[in-house]
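Some notes on the structure that comes next.
The values are calculated or read from the model by the stated rules, or taken from the named source; none is laboratory data. Quick caveat: nothing in here was measured; it's all calculated off a predicted structure. No Cβ is skipped: glycine too gets one built from the backbone with ideal geometry, and neighbour counts run over all protein chains shown. Surface areas here come from the heavy atoms of the whole protein model, side chains and all, with no ligands, DNA or RNA. Shrake-Rupley method; radii C 1.70, N 1.55, O 1.52, S 1.80 Å.
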Amino acid sequence: MRVAFVLIGLTLTCCAKIPAVQYPILEIETPDRWTATANQSPDQQAETHQADSIGVSREAPSTAWWADLGDSVLTGLIVEGLRSNHDLKAAAHRLEIAVAQARIAGAPITPQATAGVDASRSRRNFIGFPLGGGAGAGVVASETTGLNANILISWEVDLWGRMRAGHAAALADVGAAQADLAGARVSLAAQIGRLLFSVIEAQNQLDLAIATAANQDHTARQIEDRYDRGLRSSLDLRLARSGAASSRAAVAARRSQLDATKRSLETLLGRYPSATLSSMPDLPVVDGPVPAGMPAQLIQRRPDLAAGERRIRAAQLRGKQARRSLLPRISLTASGGRSSESLGDLLDGDYSVWNLVANLSQPLLQVGRLRAQVDLTAAAEEAALAEYAAIALRAYAQVEGALEAELSLAEQEQAMRVAASEARAAERVAQDRYARGLINYIALMESQQRAFSAQSQLLSVRRSRLEARVDLYVALGGGFSLSPSSSAPDTQETGT
């Protein structure tokens, strides 16, 4: 909220044009559609095409992506993190710094006025003057009192737009800081989502490990009883004891993993990392098509690309400022006030004083330094352009990778559900056959391990698929934000 007031204050106090948004043209040939969607099945392609035909907003999403998952716990934790995370607060303060710097940069454009009042009293001795009495009469002295009230006004006429360019560059920095803050919010929400999913998976893995350990202990006790009666071999007994001990070790490892993941999530939320988060519900269900839109739409959606564009614009404006520094400067200085020996006379117009000075200066011996500054800003602009292109390529790669992961993990989850179901059924059959003496204990152990592994992998795949969906939300600038197709937003300059 404080940042909003600062921005409003900047708008009201600085008369300058906000630099227009001008996304650079990249020397990168983009396809009409994401290449990862080419690997979809015909049914998936039909769903994606239908979703894309609705249109994906070119602008950053206005709704929270986590609302699509419909999980109240996830929503509550993200809201808490966005309110309490200290890294995000630091990013907000960096925006305040940029706003203050922009106000400082814009201040010299307008005349500067300073008012002052001073008083002085002095004594002066006249030694050697033939004044006054004779010897022993003392030193002749005079005392004077001076009172002054004045106003000093100075103004550098920004004839060539040098200071306006510097102010506009600072405003572009504000835009970059705003985009960085928006990107930090998107990133933080994604981190909280991923960690929450990891906590839920770790809890489910722990529950699975506990159930498996209990089953192994029960089996080991049965075999030990039958061994005592001479119905089972020592091999079966030792294998059962080994399996039970391994299961207990797995429980301890899963509990430690859950503890560490909870502490990481609590740190992001701004809480003390005490690992006391309450029990989490089951993982949300990922459903529905993925309206990824077109590659060209990505440029105007991602906060990091918006910040990169603002930094390019700031570098361009600072280059303009550096070039204008080579030209002459015109400055005006005026002062006026009253001067008297009596306080009451300061209100009398007869004691007025004033001064007016105009100055024209041209850099001479500083030309080398100023031209080096021009070269520096030109290099900074080229660096910003190269960094923008690198960010854009990474953005495309992130979307393509997230789309591919979305498709692959959906297939994996479907296959692992079948595998887990069949493995559990096989375990039940193996337990029945072992009880009737039709198979040995090694076959039973193998069926149990397969069932445990399949269920554990299913939990991991479900969590990975959710993380892939979150990665896709982030890669697309924070969500899908379905809306009717529209043209690119205007990029005209806006006066303030």
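Data for the structure
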| read-out | value |
| --- | --- |
| Charge tally in the Cβ shell below 14 Å around Ala426, where Lys, Arg are +1 and Asp, Glu are -1, Ala426 excluded | 0 |
| Accessible-area value, Asp282, 1.4 Å probe, nucleic acids and ligands omitted, Å² | 80 Å² |
| Probe 1.4 Å, all protein chains present, accessible-area order of Ile223, Ile391, Ile153, largest first | Ile153, Ile391, Ile223 |
| Residues Asn125 and Ala378, FRET efficiency given R0 of 45 Å [Cβ-Cβ distance, rounded to 0.05] | 0.10 |
